[in-house]
Structures are given as structure tokens and as C-alpha cells.
1. What are the residue pairs meeting all of these: first residue in region A:101-124, first residue on the phi > 0 side of the Ramachandran plot, second residue of a type in the set (D, E, K, R), Cβ atoms under 9 Å, and 6 or more apart or on different chains?
2. What single numbered condition from (1) over 27 Å from A:Trp108 (Cα atoms); (2) aliphatic (A, V, I, L, M); (3) in contact (Cβ under 8 Å) with a residue 12 or more places away in the chain; (4) outside any loop (DSSP other than H, G, I, E, B) fails to hold for A:Ala343?
3. Using the structure shown, decide if A:Gly75 is surrounded by 15 or more Cβ atoms within 10 Å (Cβ to Cβ) and modelled with pLDDT under 90.
4. Taking the condition of being closer than 25 Å to A:Val245 by Cβ and away from RNA strand B (no atom under 14 Å from the Cβ), how many residues in region A:195-207 meet it?
5. Among the residues of region A:25-69 satisfying the criterion of being closer than 17 Å to A:Ala319 by Cα and at pLDDT below 95, which is surrounded by the most Cβ atoms within 10 Å (Cβ to Cβ)?
6. Among the helices (runs of 4 or more DSSP H) confined wholly to region A:169-270, which include 3 or more residues that are within 26 Å of A:Ala136 (Cα to Cα)?
7. Under the condition of being over 14 Å from the mean Cα position of the chain (by Cα) and part of a strand (DSSP E or B), which residue from region A:83-139 is surrounded by the fewest Cβ atoms within 10 Å (Cβ to Cβ)?
8. Based on what the data block shows, is A:Asp41 in contact with a strand residue (DSSP E or B) (Cβ under 9 Å, 6 or more places away or on another chain), of a type in the set (Asp, Glu), under 20 Å from A:Ile296 (Cα atoms) and not in a strand (DSSP E or B)?
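The values are calculated or read from the model by the stated rules, or taken from the named source; none is laboratory data. In this text the structure is predicted, and so the values were computed from the model without any measurement. We place every Cβ from the backbone using ideal geometry, glycine too, and count neighbours over all the protein chains shown.
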Amino acid sequence: MITPRTLKGFRDLLPAQALARERVLGIARDVYRSYGFAPIDTPALEYLEILTGKGSEETDKQLYRFTDHGGREVGMRFDLTVPFARFAAQHIASLGTPFKRYHLATVWRGENTQRGRYREFMQCDFDTIGTTSPVADLETVLVVHDLLVAIGLERFTIRVNDRRILAGLLETLGLTDQTTVVLRCLDKLGKQTPEAVGRELASHGVAAAAADQLLSLSQLGGTSAEILAGMEPLVAASETGRAGVAAVSALLAGLDAAGVADGRVTLDPAIARGLDYYTGIVLESFLDDLPGLGSICSGGRYDNLAGLYTKQSLPGVGASLGIDRLLAGLDELGRLETAETPAEVFLAQFDAAHLGDYLRIAAALRAAGLAVDFYPEPKKLGQQLKWAGKKGFRLAVVIGSDEFAAGTAQLKQLATQQATTIDWGGDPERLAAAVRAAVAT
RNA sequence: GUGGUUGUAGCUCAGUCGGUUAGAGCGUCGGUUUGUGGUACCGAAGGUCGCGGGUUCGAAUCCCGUCAGCCACCCCA
């Protein structure tokens, strides 16, 4: 006998979990579409050379890779952005720019697992390429905001920053070639003390005076206006830095103009992002109640990514919802729905002699747009109802020989056990209309 | 990948200094006069004690390995 089991970091989803995931996927799809993003798909496997060296050394290590039966070096995608860059470079001639796409798909990373951190998980990406317009940056943040609101989150914060601000300071300090290292160090400020980060910077050869300036930039606090004011003198000597500050300032103003509530999006100079390819604005999103979970939706502007595959300039900006991490967080917060059925209506099989009537009724209900589960056995009604209640149906339709004779039906709200009797006179369409009204309440 | 920690019925756990057929609650299934569920009563099923070795007369209990979960590092969704 072979032990049934799954690989480390790979999971089965039971109906309740799969329903929750599909629900959020549907929301993401709807929000992305509402901004005009179009769906695409790409293969799970790519030539290894497409995937390596694009994210960072770390992602190269985490890449699932193998040699296929034809001797090709193959990798499994570890995110959706790098495959998209390849996709864009390959198809841009027929796509035209600007091009907006979304992509909901599974990715794989061979790293160590933890809560909300798996080796196989889904991402919900959306990106706009072919434009450097600040409007695209603004729209990216708006989409993330709308998405988190549509999911039903109330307590979340989107933190934004612009990499050019730090890049400007690094330029001023003559540390441009150490950008990646410095970014990684500063990214830890949420978890480590400034002193510890300062020591780590020093260990990488950053002079104390320079480290002080970097830390003071990253630790700027207060209102967005105060943070912006604090940034200006630090980057005044750098055109790049000034551009970054201006971009963030314009972004915040745009969000305000778009009606985004105060506090939903905050300027956080410490947000830097580990991936090498970001060049402009960066954003991360956190559940206020679970800061330790990490970012559930992150992104930014990357103006050089597609340059690895084409000479054509393809700037891009976008973000990605980590749906499995989000669901792990919602589960921990007790915010996941427990229904194990996608159907709202339970049709009891009361009297086997009326099987044909039940089938006609079920068909009429389905034709009316309702999802209906008809119980397959004429079991004791109590048992059928108990089963229906556990599965999470909203409404039970109970029609026995008495009801058939009288042309009535009992509609029972399973959550409250409240039952009402309606007349349908043997007309399945009338019954369907009544059931639809009952489900809607 | 490195370090730490945990692993007993579907779930949450108990198992005393290693000692005979491993327990509880919840859940599940059946029943409590053949038309109505979440409360009550009765009964039942369900465990290779993660897996594999070792020590021992004897191991769920000790040792080693391995797999998996969690935590930190790392990195990120």
C-alpha cells in the first residue's frame, strides 16, 4: 500500500478552501477587468535561461529545474512577471502598447515553508506595459485598493514608496553600485532595530555617515507631507531622487483625488522590495491584524525588465495578489466562509414516488439561475436536513405528498430553521420564482 | 538551504518512573413509534501512537534517521 501524502509545501484544497479561493479569484478577475485588463496565459514551464537571473540570486536558488526528455534545460515559473516579460517581448508587435493584462496562475518556489508560504501557490498579477505614465502608476495602486476592498477587507494598509528616492540618495553618496545590498538591508527595518541594520550596512563597507543618512531616510515618519518634506533635503543633489519624490507626491495627490480614503495608502520610506527589477514606485499591502504574515499584494514599476529579451523599450508597472497567503490570513482571522457546497438550494427527496416531479422542479430552479442539489436517496427527512445544514446550503425546498396534493411547498432557511409555505400550484416556474426570492433574502 | 520546535482516532488533546486488549470531549454513523436537522438519551464504528531503524524481557514513552507542520534566519505572495 502506498501512503497517500503530498509533498512539502504542496497542498490539497478541500471544498471549503477551494470555494474560498475561487471566490477571491473571481473578485480579482472582476476588478482587473473593470479597469480593462485582459486575461492571458503562459506555460508553467519555460526554458531555464528565460527564468534565471531575473529576480535575484535567491529566486535562482528556489527555481524548480530539470532536464526534459529532449535534453532541454527547463524551469518552472516562480512568478508571473518574468514570464510576462518574455511574453511581451515575443508578442508586442501584435499587442500594441500600452498593453494591460491580468494573469491568475500557479507558481512554484522551492523554498522552506511556513504559514502562508508554500512551494506551490497562486498569484493574481496585473500589469500595464508600454507606458511610463504616472497615471499607470496611480491606476496600479487604485486597482490594488479596489481589489482589497472588494474582497471585503476592512483593516489593511497599502504602503507605497519610490525606489528612485533611495537611488537618488545612493547616487549622492556614491553607493550606486551597492544598491541591491543596501536595499536588502533597509528592507529589514520592520523586523530589526536601526542599530542592527546600521551594523549590517557597515559590514558591507558602507561608511557610517552614509549609513546614517540612509537610515534617517528610511525612518522618516509622520504624515505623508512630513515624510515628503524630510525626503527632499536628503535627495536634493540628485535628479533621480527629486524625480522619485515628485512621483510619490503626485501619486498620493492622485489617490486623494480619486477618492481613496485617508490611511488606506501610506507613504513608507522603508518599503524597498527585494526583487532587483523594480525601478520606480513600489508597493506592499498588509493586513493590519496580521502584520507578521507579510505582504499579501505587492508590486511596482519596472522599466527595464523586458529589456532582457528585446531591444524595444518596454516599461511596465503592476502588482500581484498572493491569494494563498491572503487566504491563510483570512483563515487565521476566522474570516473564511465555511460552506462546503457551491449550491444555495437543497431539494429534499421526500417521496420517491414523485421522483419525476423533483427532477422537473430541479430543472426549473436551475433554469432560473439557481444552483440546486437534489438529494439522491429518499432518506429520512431529518437526516437530509441535517446533511444540508452541515454543507452550508442557504435554503431547503421540502415538498412531500401532502404538498404535492395541495400545490404548496415548504421553503426552509437552513441557518435559522425558519420555514414558510408558498403556493405554486404545480407550476415549476412559479416555484422557481418564489425560491429565488427566498434565496435573495 | 541553516537552526529550533512539534507530530497519539476526522478535530482538540490526555497518556504518571518505558510494563499486559492506548483513553476523553467534539465530530461521524445507527437508534429513541415509517413527514423535518443544530438541544436530550442509548448504541456503534474509527488509531500501523507520522514513517523506518535501534536500545530493551518489554517503547506511544529512550536513541538515530527520515517525512511533514510551525517558528527564526533568509527571502518573499
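1. If the second residue must be of a type in the set (D, E, K, R), the pairs left are A:Gly116/A:Asp324; A:Gly116/A:Arg325; A:Gly116/A:Glu332.
2. (4)
3. Spelling it out, it is not the case that A:Gly75 is surrounded by 15 or more Cβ atoms within 10 Å (Cβ to Cβ) and modelled with pLDDT under 90.
4. Result for region A:195-207: 2.
5. So the residue we want is A:Lys54.
6. A:179-186, A:224-235, A:239-257
7. A:Gln114
8. Considered against the rule, which asks whether it is in contact with a strand residue (DSSP E or B) (Cβ under 9 Å, 6 or more places away or on another chain), of a type in the set (Asp, Glu), under 20 Å from A:Ile296 (Cα atoms) and not in a strand (DSSP E or B), A:Asp41 comes out as no.
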